[in-house]
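The values are calculated or read from the model by the stated rules, or taken from the named source; none is laboratory data. Bear in mind the structure is a predicted one, so any value in this text is a computation, not a measurement. In this analysis, Cβ positions are derived from the backbone assuming ideal geometry, glycine residues included, and neighbour counts consider all displayed protein chains. Each accessible area value is taken on the protein alone, full model and side chains, heavy atoms only, with ligands, DNA and RNA left out. Shrake-Rupley method; radii C 1.70, N 1.55, O 1.52, S 1.80 Å.
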Amino acid sequence: MKIGVVGLGYVGLPLAVAFAEAEHEVVGLDADPSRVDSLNAGRSHIEDVPDSALEPLVGRLLATSRHEDLGSCEAIVICVPTPLTSSREPDLTYLDAAGKAVGEILQPGQLVVLESTSYPGTTREQLLPALERPGFSAGTDFHLAFSPERIDPGRTDYTLRTTPKLLGGLTEACTERARELYSLICDEIVVLSTLEAAELSKLLENVFRSVNIAFVNELAQLCDRLGIDVWEVIDAAATKPFGFMRFDPGPGMGGHCLPVDPFYLAFKAREHDFYPEFIELAGRVNQAQPAFCAERIERALNEAGKPVSGSRILILGVSYKAGVGDTRESPALKIARLLRERSGEVSYHDPHVPELSELDLVSADLEQALGEADAVAIVTAHPEFDYEQIVSAASLVVDFRGVTRGIDAPNLVRL
């Protein structure tokens, strides 16, 4: 097959590579010319896709900025960002642009699949009208489906092939065409009855995590007031072999899913005069967690006889999760800004993020920064970090990830 992928980011590029590795011709469309040039030169911007993975695909994977190049594809998969506006409402700007571009070149018989996460009804209400035109209808002249991405950056135990693939089509024929497409690269296909069921299934996965993370984050704040070790409590509860699923507290949520998806579902619910208090409360708790962490650093400094104003604070790890360099919605950035507002002198070290242009910072030398810092905050627990050495070298360590459990030191404070 010849397959088009719109958006070559953390979702689109691994998908494009998977199809190309399965011996299919792939056209990848991206609006960033520098990204297009780099990919065509065999250089990847995604950690999960090393340059070595692109080298064998020369001739089968072509990156382009011309949407006209999608016209000869049998299937087109849309993998564009669906972020939030400044008022925390769905921002479908990228999806609207992609729908318009694909609609202009769509040919009879082509299959279009949306993978971008959004609220139930997006594919039918937002994308479908952009693709149809007089005398050219979905389900008759072309096929349309939704299949949510399940990419987890940095994960190796569950891959694109081994993770079950959900999908729902506009019609039975659309569903079958999409099933045939994903059967090329996925071992298990789970077919749902409608587009909306597939869209909501993706949101349920992430809202479930959001609600439970909010619960343990709130529990961590309560334990802080009670003087109880929240990690000991969670470890104890996790020994129960049934009826309990472990979730750990932390500095807040980041990435392209968990901080965003609850707001998409809440937005759609309000359109139907339904107010999902559980979901919205979880979003508020998780959004407030970085502020609690900044306050905890300030309190730890005060207990050491130092004001946060003028203190040198080193943040360890600024990506949103361990082992990757993705900083989207990272709580570390929010913590850094809050500490700066308190006149703290903030620096960071992250082996996966060489610079933070939005904060005008570059990753500091770890050994030197540990010796100079008045406080070190462990925000992202990268596997490269030696936590015993960090605690030994720093004058004060505040651990928001629980990775120093087992270390007993007077200069160590845990969430």
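The table for this structure:
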{"quantity": "Length added when fully stretched, ALA409-THR171, from 0.36 nm per residue minus Cα-Cα", "calculated": "79.5 nm"}
{"quantity": "Neighbour count of at most 15 Cβ within 10 Å plus DSSP loop: longest chymotrypsin sites (Phe, Trp or Tyr not before Pro)-free window in the chain", "calculated": "1-157"}
{"quantity": "log₁₀ of I(q)/I(0) at q = 0.14 Å⁻¹ - segment 277-380, Debye sum with one point per alpha carbon", "calculated": "-0.53"}
{"quantity": "Computed label-point distance, nm, for sites GLU68 and ARG133 using a 7 Å Cα→Cβ extension", "calculated": "1.4"}
{"quantity": "Gaussian network model of the chain, Cα within-10 Å springs - most flexible of SER86, SER65, SER343", "calculated": "SER86"}
{"quantity": "Net charge dipole size for segment 182-232 [Lys, Arg +1 and Asp, Glu -1 on Cβ; Debye, nearest 20]", "calculated": "120"}
{"quantity": "Shape call, segment 68-207: gyration tensor on alpha carbons, a/c limit 1.5", "calculated": "oblate"}
{"quantity": "Electrostatic dipole magnitude of segment 1-113 [Cβ: Lys, Arg +1; Asp, Glu -1; Cα centre; debye, to 20]", "calculated": "140"}
{"quantity": "Check: the chain dipole with +1 on Lys, Arg Cβ and -1 on Asp, Glu Cβ, in debye", "calculated": "680"}
{"quantity": "Dmax and Rg, reported as Rg then Dmax, of the chain (C-alpha, Å)", "calculated": "23.2, 75"}
{"quantity": "Listed residues SER363, ALA53, TYR275: farthest to the positive end of the dipole of the chain (Cβ charges)", "calculated": "TYR275"}
{"quantity": "Efficiency of FRET between ALA22 and ALA322 - r from beta-carbon atoms, R0 45 angstrom, step 0.05", "calculated": "0.90"}
{"quantity": "Fraction of antiparallel bridges per DSSP, segment 81-237 only, in percent to nearest 5", "calculated": "35"}
{"quantity": "Heavy atoms of SER72 accessible to a 1.4 Å probe, total area in Å² rounded to 10", "calculated": "70"}
{"quantity": "Normalised convex hull volume, segment 49-128, alpha-carbon set, Å³ per residue", "calculated": "128"}
{"quantity": "Percent accessible area from carbon and sulfur atoms, segment 45-194, protein chains only, probe 1.4 Å", "calculated": "51"}
{"quantity": "Residue-averaged [θ]222 nm for the chain, counting only DSSP H segments that reach four residues, each worth -39500 (n - 2.57)", "calculated": "-11500 deg cm²/dmol"}
{"quantity": "Efficiency of FRET between THR239 and GLN107 - r from beta-carbon atoms, R0 45 angstrom, step 0.05", "calculated": "0.20"}
{"quantity": "³J(HN,Hα), Karplus 6.51/-1.76/1.60, whole Hz, each residue of segment 206-213, x for Gly, Pro", "calculated": "7, 5, 4, 5, 4, 5, 6, 5"}
{"quantity": "Cα-projected label distance for ARG284 with GLU271, points at 7 Å along beta-carbon direction, nm", "calculated": "2.4"}
{"quantity": "Contour excess over end-to-end distance, with Cα ends at THR140 and THR194 and 0.36 nm allotted per residue", "calculated": "17.8 nm"}
{"quantity": "The chain: relative contact order as a whole-number percent, Cα under 8 Å and 6+ apart", "calculated": "11"}
{"quantity": "Contour minus Cα-Cα distance for ASP224 and GLU47 (0.36 nm per residue)", "calculated": "60.1 nm"}
